[in-house]
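Q: First, the structure itself, so that you have it in front of you.
The values are calculated or read from the model by the stated rules, or taken from the named source; none is laboratory data. As the structure is a prediction and not an experimental result, all values here were calculated from the model. Neighbour counts run over all protein chains shown; Cβ positions are idealised from the backbone, glycine included.
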Amino acid sequence: MLAGLAAVGASHSEASSGLLIICIAQGVLAIVLSLVYRLPVKFAWSTPGAALLVATAGITGRFTEAVAAFVVAAILIIVVGLWPALERLIGRIPPPISNAMVAGILFPLCLAPVTAAVNLPLLALPVILVWLVLYRLAPRWAVPAAIVLAVVLLAATAGTDWLHGARLMPQLVFVAPSFDLRVVVSLAIPLFIVTMAGQNIPGAMILNSFGYRTPMRASLIGSGALSAVGALFGGITINLAALTQALTAGPEASPDRTKRWIAPVSAGCTYIALGLLAGIATAFVAASPPLLIEAVAGLALLGALVGAVTAAMESPGGRLSAIATFLVTASGITLLGIGSAFWGLVVGAVFVLWLGWTRRRSGGLLRQERARHDDVEDAPDAAAADRSAQ
């Protein structure tokens, strides 16, 4: 996120301000909507949006123009939230496709413990061992214990060097937008598309895959409004979470699915705390091996991956479409600036439409053939019955 903001001209203070406002905005929104709907509605910043900023660094070097693009993208999200057809469209996506997409999103991250065990054995193996032991003895505490141990190991490894230059007190910096049509068209529209296709739609699908009905209108209008406000302080768009949505909506959050809304409320409080300590938190994360952080997240998401794969493969007729969706999503490809989760849905929809049409056509022919076959088999019996009657 910090690299993305810096790529479009943000100073260090403006980037820190953007990180602060994003953390607070997504934390507050998760708390409010989860409490109101009693659903595990989780929000995050737009990771594909941040990647887009890095990839399009040459569009503008003036952060005020980038902020104007952030505002326009946020307004477009609000407009979509006022369009109820989107929620109906998401509800029509077949469950095997949505679950396969979820599995494809989770799969690369669930590989991280394996990679970390090979590349960072002294840090990763103790974390994995603690998780495995507690998963057998006290499953509820397996992931928290792994996280605590990882933090302890990271702190011991990094020492105190990461504290140098870290700011304790948060500071918001107002950035007045300056609209440039070229930058708005080149940055705002792609940012809107990747946020919707790469985060909001997959996030809603993940929530739906766990049996919850996503409050799409409130989520889009709320995230769009807070994104517009946050943009004035350097923040990029916020949206429905995808990976962390699987954490808070899955069985690891609570065996009782009616109580899983507590997880995003807790996460929201944590986001606010991290936002208020953005300088220290950023310095600590920057000093930590990203692979170990991904490995801990991968351990936490294994249960969600198992559930998604099981649900995707449950229907024999939808397995090929689900596998195609899974492979495209897990590939991590980016096409036209849009991530693999969206293209996985597109490919899955194509498979469903094509295979569904051929299945209906072949099924009709098969029923006709069976009817003719039954008529032929019944003919001798009918003749015998006629002779007996005579």
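Q: Is one or more of the residues making up the range 89-99 at pLDDT below 90, touching a Lys or Arg at 6+ places or on another chain (Cβ under 9 Å) and surrounded by fewer than 21 Cβ atoms within 10 Å (Cβ to Cβ)?
A: Yes, that holds for at least one residue.
Q: From R217, R257, which residue is closer than 20 Å to P84 by Cα, charged (D, E, K, R) and either in contact with a Phe, Trp or Tyr (Cβ under 7 Å, 6 or more places away or on another chain) or surrounded by fewer than 24 Cβ atoms within 10 Å (Cβ to Cβ) (or both)?
A: Only one candidate passes the filter, namely R217.
Quick grid of which residues meet (1) touching a helix residue (DSSP H, G or I) at 6+ places or on another chain (Cβ under 8 Å); (2) more than 27 Å from A308 (Cα to Cα):
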position: A73; (1), (2): yes, yes
position: I78; (1), (2): yes, yes
position: A85; (1), (2): no, no
position: P95; (1), (2): yes, no
position: M101; (1), (2): yes, no
position: F107; (1), (2): yes, no
position: T115; (1), (2): yes, no
position: L120; (1), (2): yes, yes
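Q: To continue, here is another question. Going by the conditions given, is A44 of a type outside the set (S, T, N, Q) and in a helix (DSSP H, G or I)?
A: no
Q: May I ask you to say which residue of L35, L20 is of a type outside the set (G, A, S), in contact with a helix residue (DSSP H, G or I) (Cβ under 6 Å, 6 or more places away or on another chain) and either closer than 16 Å to G224 by Cα or part of a helix (DSSP H, G or I) (or both)?
A: L20
Q: Identify, from the list A241, A278, A287, the residue that is of a type in the set (A, V, I, L, M), touching a residue at least 12 places away in the same chain (Cβ under 8 Å) and closer than 26 Å to M101 by Cα.
A: Selected residue: A241, the only one of A241, A278, A287 that is of a type in the set (A, V, I, L, M), touching a residue at least 12 places away in the same chain (Cβ under 8 Å) and closer than 26 Å to M101 by Cα.
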